[in-house]
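Below is one structure, written out as structure tokens, with a few remarks after it.
The values are calculated or read from the model by the stated rules, or taken from the named source; none is laboratory data. All values reported here derive from a predicted model rather than from experimental measurement. Cβ atoms come from the backbone with ideal geometry, glycine included; neighbour counts cover every protein chain shown.
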Amino acid sequence: MVSAFKTLFTDAILAGGDPAKFDKNLQKQLLKVFVKETQPYFLVSDSFFYVPAYFTKAALDEFGKKFPSVKVQDLTEKVIMITNWSLELKRVDSNAVFTSYGGIEVRLIVNSFKPQLNETLHPTRWPTNLYRDDEFKTTIQQMRHNSVRAAVAKLPTPDVPLFSKGDVSQGVVSSKGDDWQIREGNTAVVAMSGGRRADAGVSGAAKVKAGASAKRVAKAAAKGAKTTKTASNVVGKVAAYNPAAKKPVGKKSATAAGKTTVTGGKASAVGTVDEMTMSKFKKYLSHQKKNTKSGKKVAKK
């Protein structure tokens, strides 16, 4: 068994998106597919790979009239028959569109379809993204390579004189060098949101979105940073706490180490802060507990 999607999409890539060069026998086939999910994108599978399906307004209108009791969003894990379809190539940003590779997406345009509610399809394996298949990616890379060669072949051949000393720009022709030699489709398709049609706009490609797990990670990170800051403040208070310290008398003042230094008749606090010990920590807790019971406010250090 072979993947229908891989066969069809590879043919579309090799044809450069030109319908006139597609295999006519393949284009006549009906596609019975398993609906992997309808939200946030409508993904269909041939039991090997999954791809997004792009519906025309006519296809959804026809479906609504013929099957008024069936909602598109309820087709998850159901079987549908795509009776009229086409393939188109689109240039996209592959950093944002997960169903693409190398800046190219092959779109499955659905012009007519119907549900097969009495049928069940059991995939032989868990379907994966077609654009993560090594062979299919190599096909796209080859098309890109051919496009570069075709673009370079169209450049005029310049007369290259002997280079003057210190000037290496003579005879050099500038070009993009990566122009796609493909035919892009422009069929208008209806934007789908959670399996529901959104006639207000034309759909884009299946974009990458941050899931709930990513949001939870960000929230946990923020909470962790807050906790770390709080813990740091407590440690600072413990380190600064000195029950033996006395209020300064006259011009003398107690340093953090319990010492004073007199300079010019004035006391200046110098020295180092005591290291925090278990004994000191216990005294600090006792001090905090005593003030809490007495209803006193503990001054922030």
Q) Do we find a residue being within 30 Å of PHE55 (Cβ to Cβ), modelled with pLDDT of 85 or more, out of contact with any strand residue (DSSP E or B) (no Cβ under 7 Å at 6 or more places or on another chain) and assigned to a helix (DSSP H, G or I) anywhere in segment 124-131? A) no
Q: Output yes when any residue across segment 98-105 is charged (D, E, K, R), assigned to a strand (DSSP E or B) and modelled with pLDDT of 95 or more, and no when none is.
A: yes
Q.
Checking PHE63 against (1) aromatic (Phe, Trp, Tyr); (2) within 25 Å of PHE136 (Cα to Cα); (3) crowded, with 19+ Cβ neighbours inside 10 Å: exactly one of these is not met. Which one?
A. (2)
Q | In segment 87-133, the residues that are of a type in the set (S, T, N, Q) and surrounded by fewer than 20 Cβ atoms within 10 Å (Cβ to Cβ) | A | SER94, ASN95, ASN111, SER112, GLN116, ASN118, THR120, THR124, THR128, ASN129
Q: Return the residue satisfying two criteria in turn: it lies in segment 25-60 and is charged (D, E, K, R) and modelled with pLDDT under 95, and of such residues it is surrounded by the most Cβ atoms within 10 Å (Cβ to Cβ).
A: ASP46
Q) Considering only segment 1-32, how many residues are in a helix (DSSP H, G or I) and among the charged types (D, E, K, R)? A) 4
Q. Under 7 Å by Cβ, and 6 or more places apart or on different chains, what pairs join a residue from segment 41-59 that is farther than 13 Å from ILE82 by Cβ with one that is in a strand (DSSP E or B) and among the aromatic types (Phe, Trp, Tyr)?
A. LEU43/TYR50; SER47/PHE34
**Q.** Pair list, Cβ < 6 Å and 6+ apart or interchain, from segment 175-195 residues that are modelled with pLDDT of 80 or more to residues that are exposed (fewer than 15 other Cβ atoms within 10 Å of the Cβ) and outside any loop (DSSP other than H, G, I, E, B)
**A.** ALA188/VAL202; VAL190/LYS57; ALA191/ALA198; ALA191/GLY201
Q: Would you tally the residues in segment 25-48 being acidic (Asp, Glu) and under 21 Å from the mean Cα position of the chain (by Cα)?
A: 1
